[in-house]
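These notes concern the structure reproduced below.
No value in this document is a laboratory result; all are computed from the given coordinates. Note that the structure is a prediction, hence the values are computed from the model and not measured. FYI the Cβ positions are ideal-geometry reconstructions off the backbone, even for glycines, and counts take in every protein chain you see.
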Amino acid sequence: MTFLETDIFAKIVAGDIPCDKVFENERILAFRDIAPKAKHHILIIPKENYITAQEVTEENKALFGELFLVAKEIATDIHLTGYKLAMNVGETGGQIVPHVHLHLLSPDFKSEL
Ligand code: 5GP
């Protein structure tokens, strides 16, 4: 698969595409993956349009770090005892949607993500 041309997650943030939302604050949105690869497969995204994690800087590192904080809060809320966090970075890193997103998977995740 290759990078999509359209930032579909920006459309989800804008409310133009529906999602199964599990968390939202001013900076972060989390919703269930449309093609889950585990019982719980949740995508945690910054609302701001960063394309890949290569855009992390000293200035925005708190926002990128907050993705992990939200992952912990969701995992606690849905009573996960363990989970996998993954982020594909860039087309050759397996990323398809051109908007930074952290995958949270549990349990029984498939290894090919
Ligand atoms: P990537 O390969 O870019 O790390 O993962 C993109 C993920 O976004 C995939 O797991 C895919 O199933 C999911 N996805 C793609 N389009 C949509 C959509 O419109 N809604 C939701 N909820 N997930 C999507």
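Measuring nothing but how far apart in sequence close Cα pairs (under 8 Å, 6+ apart) lie, relative to its length, the chain scores a relative contact order of 36 percent. Modelled spin labels at Lys110 and Ala35, positioned 7 Å past Cα toward Cβ, are 0.8 nm from each other. For the residue pairs Lys11/Lys84; Lys21/Lys47; Lys37/Lys61; Lys11/Lys37; Lys11/Lys47, the C-alpha atoms sit more than 18 angstrom apart in Lys11/Lys84; Lys37/Lys61; Lys11/Lys37.
Taking amide H as placed 1.01 Å from N in the peptide plane, the amide H of Phe23 sits under 5 Å from that of Ala30, each at least 5 places away or on another chain. Is the chain best put as rounded, prolate or oblate by its Cα gyration tensor, with a ≥ b ≥ c the root eigenvalues, rounded for a/c under 1.5, and otherwise prolate when a/b is larger than b/c, oblate when not? Rounded shape, in that the Cα axes give a/c under 1.5.
Sort Met1, Met87 so that the residue with the fewest other Cβ atoms within 10 Å of its own Cβ comes first and the one with the most comes last.
Working: Met1 7, Met87 16.
Ranked by crowding around the Cβ, least crowded first: Met1, Met87.
Order the peptides 33-44, 73-84, 98-109 from the highest to the lowest mean number of other Cβ atoms within 10 Å of their residues. Intermediate results must be reported in sequence, preceding the final value.
Values: 33-44: 16.8, 73-84: 13.0, 98-109: 20.0.
The densest-packed peptide leads the list: 98-109, 33-44, 73-84.
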